[in-house]
Amino acid sequence: MTGHQVRARGFTLIELMVALLILSLLAMMSFRGLGAVLDARDQVRQETVKWKRVAAFFSRFQRDVQLSAPRPVRAASGTAPAWRGQAGSGAEFSRFASAEGMDAARRVAYRLNENREIELWLWPGLDVAPNAQPVRYSVLSAVAQFELQYLDAGLVWVDAWPRSERDPPLPQAVRVRIVLDSGEDLVRVFALQS
């Protein structure tokens, strides 16, 4: 052998610094990408919860409307119509019991409260005893507007029901318009059983 020695060669300091810089850039990009994925997941979860609540409200409203009864109610102040709706004040109506027996015949109402929540009001029965107060449940929150319109026998949408004593006890249909705080404008039409 000759007198040459082979020197083991390692990485220079500059090569190590460049490798660390590249790894740190990759880690930073991965972290930002992961953050974006997590933010998107949270946004999708919030939207899913919001739309489930909206669907549950419409399902409950549809069920109550389909069980609406053409029966006026007796109250301490006299007789109230089977369906009473005024522009800007929601609706109050009589509802039969369901065929499944899950709930009783009673007076119900839907109103928008000062907290921007649609409330469901439930009285103990159809006829309202003196000083009887409804139980109130929030069924949809973050609502900017809640409007109801009623389809009369002439197929015209009106803002109040009944308009006169000649109107039938129930409208043909109810049109619900909800504007959510997030800006979505939703309109649904529900036919009443006649």
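Every number in this text was worked out from the coordinates using simple rules, so none of it is lab data. None of these values were measured; they are calculated from a predicted model. Ideal geometry is used to build each Cβ from the backbone, glycine not excepted, and the neighbour counts take in all protein chains shown.
For the reader, a short list of remarks on this structure follows.
- Label-to-label distance, residue 46 versus residue 187, with points set 7 angstrom from Cα along the beta-carbon direction: 2.9 nm.
- Considering only Cα atoms, the convex hull volume of segment 59-191 works out to 110 Å³ per residue.
- Degrees separating the helix 13-66 axis from the principal Cα axis of the chain, which is the longest one: 10 degrees
- Extension gain, residue 87-residue 142: 0.36 nm per intervening residue step, less the Cα-Cα distance, totals 17.8 nm.
- Peptides 29-35, 174-180, 85-91 ordered by average Cβ neighbours within 10 Å, highest first: 174-180, 85-91, 29-35
- Environment charge of residue 73, counting only residues whose C-beta is closer than 14 Å and scoring Lys/Arg +1, Asp/Glu -1: +4
- Projected onto planes of every orientation and averaged, the convex hull of the alpha-carbon atoms in segment 1-144 covers 18.7 nm².
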